[in-house]
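Asks: What follows is a structure written as structure tokens; I'll ask about it next.
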Amino acid sequence: MALTLVRIDIESDTSATAVFTDADGAVTTFAFRTDDSGVTHPEEIFAEAYLAVPGPEVPQAHALARLMTGFLEVRAQPLPNGEDLANAWAEVGDELEHDWALQEGQ
């Protein structure tokens, strides 16, 4: 039976779990972990079933691996907020003003 993604649990800065259910409601989970060099790896059972080469083409498995990598990257590098976000916007404004001044000078 097909597995449908129902949620992603992020347990720490380096580990997350994708939770799936099938048509009967049975739950299947696959863990992903980021190593010391920042590369995210799926657990062996997922890699062997869905990412093995040669093996069946399962593009959504590769998409899930990229998604999990992205979630863990965002966890490790949170979005700016408050003063940090205001400063980032100010830098963008400064860059635009500089670019406009250069264009007006042509």
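Asks: Here's a check for you: in the range 45-64, which residue that is surrounded by 11 or more Cβ atoms within 10 Å (Cβ to Cβ) and β-branched (Val, Ile, Thr) is farthest from Arg75 (Cα to Cα)?
Replies: Here the residue is Val58.
Asks: Under the condition of being open to solvent by less than 70 Å² (accessible area, probe 1.4 Å) and in contact with a Phe, Trp or Tyr (Cβ under 8 Å, 6 or more places away or on another chain), which residue from the range 11-28 is farthest from Ala65 (Cα to Cα)?
Replies: For the range 11-28, the residue satisfying everything is Thr28.
Asks: In the range 76-85, which residue that is outside any helix (DSSP H, G or I) and surrounded by fewer than 10 Cβ atoms within 10 Å (Cβ to Cβ) is farthest from the chain's Cα centre (by Cα)?
Replies: Gly82
Asks: Kindly provide the set of residues from the range 86-101 that are open to solvent by 100 Å² or more (accessible area, probe 1.4 Å), modelled with pLDDT under 90 and of a type outside the set (D, E, K, R), ordered by number.
Replies: Those that are open to solvent by 100 Å² or more (accessible area, probe 1.4 Å), modelled with pLDDT under 90 and of a type outside the set (D, E, K, R): His98, Trp100.
Asks: May I pose another question? Give me the pairs: first residue in the range 86-106 and part of a helix (DSSP H, G or I), second residue modelled with pLDDT of 80 or more and surrounded by 10 or more Cβ atoms within 10 Å (Cβ to Cβ), beta-carbon distance under 7 Å, and six or more apart or on different chains, which are they?
Replies: From residues that are part of a helix (DSSP H, G or I), the pairs are Ala88/Pro80.
Asks: Conditions first: (1) of a type outside the set (Ser, Thr, Tyr); (2) open to solvent by 50 Å² or more (accessible area, probe 1.4 Å); (3) closer than 18 Å to Gly70 by Cβ; (4) not in a strand (DSSP E or B). Met1 passes all but one, so which condition is the exception?
Replies: Just one mismatch for Met1, condition (3).
Asks: List, please: which pairs have Cβ atoms under 8 Å, are six or more places apart or on different chains, and start with a residue in the range 4-16 that is farther than 12 Å from Phe30 by Cβ and of a type outside the set (Asp, Glu) and end with one that is in a strand (DSSP E or B) and open to solvent by 50 Å² or more (accessible area, probe 1.4 Å)?
Replies: Thr14/Arg33
Asks: Could you please find all residues in the range 29-44 being touching a His at 6+ places or on another chain (Cβ under 8 Å) and open to solvent by 20 Å² or more (accessible area, probe 1.4 Å)?
Replies: Of all residues in the range 29-44, those touching a His at 6+ places or on another chain (Cβ under 8 Å) come to 32-35.
Arg33, Thr34, Asp35 - these are the residues of the range 29-44 that are touching a His at 6+ places or on another chain (Cβ under 8 Å) and open to solvent by 20 Å² or more (accessible area, probe 1.4 Å).
The values are calculated or read from the model by the stated rules, or taken from the named source; none is laboratory data. Please read these numbers as outputs of a predicted model, since none were measured by experiment. Virtual Cβ from ideal backbone geometry, glycine too; neighbours counted across all protein chains shown. These area figures cover heavy atoms from the full protein model, side chains too; ligands, DNA and RNA do not enter into them. Shrake-Rupley method; radii C 1.70, N 1.55, O 1.52, S 1.80 Å.
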